[in-house]
Structures are given as structure tokens and as C-alpha cells.
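The values are calculated or read from the model by the stated rules, or taken from the named source; none is laboratory data. Bear in mind the structure is a predicted one, so any value in this text is a computation, not a measurement. A quick note on method: Cβ atoms are made from the backbone with ideal geometry, for glycine too, and the neighbour counts reach across all protein chains shown. To get the accessible areas, we keep the full protein, side chains included, count just its heavy atoms, and leave off ligands, DNA and RNA. Shrake-Rupley method; radii C 1.70, N 1.55, O 1.52, S 1.80 Å.
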Amino acid sequence: MTPREPARSAARKPPEAGENGSETPHEAAQDVTGTPSEPGGDGRAITRRAVRVLSANWDGDHTVPSRRLYPHQWSWDSAFITIGNAHWSPGRARSELVTLFGAQWRDGRVPHIVFNPEVPEGSYFPGPAFWDVRAPCGAATSGIVQPPVHAMAAWQVHAADPDPDFLRGIYPRLVAQQEFLRGARSSPEGLLSIVHPWESGMDNSPAWDAPLASVVTGPVAVERRDLAHVSAEERPTDHDYERYTALARAYRDAGYRGLGAFAVEDPLFNAAYGSAEAALAKIATACGLDPRPHRQEAARITVAMIEHLYDDGLFHARDALTGRLLRSGSAAGLTPLILPGLPSEIAGALIGTAVDRFGIERGTLPSLAPDAPEFDPARYWRGPSWINLTWLVWRGLRHRRPDLAALLAGGMVRAVTRSGFREYFDPSTLEGHGCDDFGWSAALVVDVLARRRLASVAATVWQGASASRESGQRSR
């Protein structure tokens, strides 16, 4: 599929406030939240700070996750940022996805990084020279993917600010993304495999330790540009990076085809795929198309995940090369709560695990169960709480256990109130780690606060209507 509208500007100067049809950050924040939302944080003030972060990270047609550490466009970051931007600048939200999908490959894959040609090669490793590939639009990209949360983001933009032309334009691209994953990554059991830990979005999760142990690194030149910005104690190790680089190089040398030495069926990735099919059913309906194939595929992947990845109250990754479950205690095993067709008994068991093992009643979700021997509250995906992972579980709880969802919402707000919009947080102390002014931390807190306000308004309207009905009945 040749991408249309490869919108990628030559100059990456952030626009002045109000450009591209967007509101100024101050005006936007006034509209998103109207009431204090959590003890310890005023909704308006937090939203204003979040919008300032998103505005500072805006690069003309997309948002960088972080100016210093992540200076390019990342795939699932852009999807999460789209969700927050939808509340204050739908134009930017749409541009975020159009720009990303402008770099879609002909086979349908959406690369996990789209490189900005204005950023020096040495600013990030592995950069364009390492990946050595370009999309049909001419943009240099990586060759791997990330969890397909983009259809969900597209639908949320449309729900916030309906634009039928945008929806009709993005729909075939989203379908092509799903078709690539089905065609290139499906196992005989119908599950999708990732070929690199980076494709999971949870790079150094202990879930990958066992399959990574068999990866032969050889002489690998690793350039740790990340350590110029973040403490080594908070990042993956040098040995991790040697294996990441070896896997990426082998996949590149194989023409970005096949599975290679690392092939894992990740519950988060598969849940994102199933959730995308559910969102595509809604998009198809809005476009006057048949939603049934998408609903059927969402149901199929849900059944396959339960049959092959679920055990003992949690979903686990599975090594596709050996068939062995990887019982790490990763919070990725809770994310199937976002699947609309998840049976109530499975959802109930996951919620029990979330409370008993992950302690979400405290309002935070560690990325690894604290009872796991590898748990480290400060090292990347081996224990810290991340806003995006918490948001996914919060989303899955909103209609199943709104009481627990409210606690997670409050925890996200408290984290950014205490430590700013950091990349990740100590789940117990809320101390911030990683880079500052992180895009999806800001964007998803905007979404949480906006939805709390909408829920508050709806409750007020409902209470007023109930009071009117009762008054009318008494007057009779």
C-alpha cells in the first residue's frame, strides 16, 4: 500500500501558539477542565502544565516524546499523544496520525520511528544510518513496529471532533497496518509475534530475559546516547543494548522479514491488536462500511489469547519458538482488560490479580509485580509505574470497576503533581525517573482529567433531571 499525504515538513520549527487551527495552550486548558479533579492537584493547573509540555514538544506536524532523549517521531507515543491532543487541539491530533502514517511502508507496517532529517545523525542511536531504509514517502525510518494502538486513537479524535474526511482517509491505512501484522506475524495459533523487545514498547521487561538469553551478540558497537540524559541506574544495561542491537541488525540484514532468534507473543501487543479491531468496527460503521469482519477478528484474537496466553489470573507472554509461557509477572498481562469481548470471569480474575499482586488500590500500577525477584522501582520497565500502561488498565476498568479506575486516575494525577511529567515513576514514592516533560505522560493525564470532567457534568445533569422528575411526580 503506497501511503498518501506523506506530510513531513522540511522545517521542524514549532508553530506559534494558535497555528494549524489550534487554540493557544491557555485557551485549550480552559476548555479541557473546569473543576479541581483530585486531592493534591487542581485540574485546570495540571492541564495547563500538560498542554505547555505538548506545545513545547510539537515539531510542526508531530510531537516528539522528549526534546533531548527522543528527538524523532515514535509510533505508539504519537498514538497516545493524539488521544490527549484530541481534547485541546483536534487539528494537531489528526496531523499526528497523518504524519506518522505518511511514512507507512508499502507492506502496511508502521515503523516505530520516523526520523526527522533536521536532527543530527548522532543525536540518537540506532539512527537512520543503522536502519538504512526509507518509506515510500522518502522519510528515513526504522524497520520494526510498536503496539497498534493507533485505531483507538483515531476513533477518539473523531469522537472528540468529528471529521468524516479524516476518518475515511485514515481507515484504509489502519486496515493495512492490521493486515501486515496478520500476514507477517501470525503463529499457527493465530497470535501475533514481536521480533524485538522494542516492538513491545516495554523494552527491558523481565518477560524478555529468557528468550534474550539465547541471542548471540558477537562484536556489536553500541553507542549509549541515552546515558547523556538519564542515569544508567534508570536505563537498560549495556548487555541489554548489545542484544537489542544484535537483533535489530539481524532483522535489517534479513530484509526486515521473518522472525529470527527472538519471537514472542506479547499479551499487550495482541490486546492492542484486538482493541484496534474493535475500534475499526466503529470507524467502519461511521464510514458506511461493514464492521462485522473487524468484530469477528476482535473476538477471534480474544479467544486465542485466552486459550494460549492466560493462566492463573494473568496473561503471560509466550516464546513462539519454544511454545513456553514466560511467567514474569509483567503488568502487560493486565492490559487485555481493554478487550471489549473479554469474558467477565477472566476480567474478574485479572482485576483480582491487579489488586492482590500489583496493589492498584494504592492508585499506582507497577510495570512488574513487586513480588517478582527482578522488581526494581527505578529501572525502566522492570518495576516503575508508567502513565501509558496505567492508562490502558484504567481504560479497561472504567466500565468494569469504576471505583478502581478512579483510584488509578487519582494516582496518575498525583504522580505528575508531585514529580512533573516524567517518563516513569517509583510506584511507591511517586519519585520521577527518566526524562522530563514526557509527551504521553502529559497527553494521557489531559485525557484522564477531561473524562473526569465529562463524567462530573453528566452526573450533574442526571441528578438535575432526576430531581425534576421527582418534583413533577410530587406536584401531581
In the range 371-409, anything part of a loop (DSSP other than H, G, I, E, B) and in contact with a strand residue (DSSP E or B) (Cβ under 6 Å, 6 or more places away or on another chain) is listed as Phe375, Ala378, Arg382, Gly383, Pro384, Trp386
Where Gly258 falls short, out of the listed (1) open to solvent by 20 Å² or more (accessible area, probe 1.4 Å); (2) on the phi < 0 side of the Ramachandran plot; (3) not aliphatic (A, V, I, L, M)
(2)
Does Phe269 fit the bill of being crowded, with 16+ Cβ neighbours inside 10 Å, in contact with a strand residue (DSSP E or B) (Cβ under 9 Å, 6 or more places away or on another chain), of a type outside the set (Ser, Thr, Tyr) and in a helix (DSSP H, G or I)?
yes
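Residue-by-condition table, conditions (1) of a type outside the set (Lys, Arg); (2) open to solvent by 60 Å² or more (accessible area, probe 1.4 Å); (3) out of contact with any helix residue (DSSP H, G or I) (no Cβ under 8 Å at 6 or more places or on another chain):
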site	(1), (2), (3)
Cys287	yes, no, no
Arg295	no, yes, no
Ala298	yes, no, no
Ala320	yes, no, yes
Gly329	yes, no, no
Leu339	yes, no, no
Glu345	yes, yes, yes
Gly348	yes, no, yes
Tell me yes or no: at least one residue of the range 156-172 is open to solvent by less than 10 Å² (accessible area, probe 1.4 Å) and not in a helix (DSSP H, G or I).
no
Checked Ala140, Ala153 against criteria (buried (at least 16 other Cβ atoms within 10 Å of the Cβ) and under 20 Å from Asp253 (Cβ atoms)); the one match is Ala140
Examine the range 231-242 for a residue that is open to solvent by less than 10 Å² (accessible area, probe 1.4 Å) and at pLDDT below 95, and state whether such a residue exists.
yes
Does Arg451 meet the test of being open to solvent by 10 Å² or more (accessible area, probe 1.4 Å) and at pLDDT 95 or above?
no
What are the pairs, 6+ residues apart or on separate chains, where a residue within the range 237-254 that is closer than 16 Å to Glu223 by Cβ and of a type in the set (Lys, Arg) has its Cβ under 9 Å from a residue that is in a helix (DSSP H, G or I) and open to solvent by 60 Å² or more (accessible area, probe 1.4 Å)?
Arg243/Ala213
State which residue is nearest to Trp440 (Cα to Cα) when the search covers only the range 212-230 and only residues that are at pLDDT 80 or above and out of contact with any Asp or Glu (no Cβ under 6 Å at 6 or more places or on another chain).
Leu212
Over the range 410-425, the set of residues touching a strand residue (DSSP E or B) at 6+ places or on another chain (Cβ under 7 Å), on the phi < 0 side of the Ramachandran plot and not in a helix (DSSP H, G or I) is Arg422, Glu423, Tyr424, Phe425
Against the condition modelled with pLDDT of 95 or more and open to solvent by 10 Å² or more (accessible area, probe 1.4 Å), how does Ser419 come out, does it pass?
yes
Could you tell me which of the residues Asp209, Asp163 is acidic (Asp, Glu), modelled with pLDDT of 95 or more, within 21 Å of Arg382 (Cβ to Cβ) and out of contact with any Phe, Trp or Tyr (no Cβ under 9 Å at 6 or more places or on another chain)?
Asp209
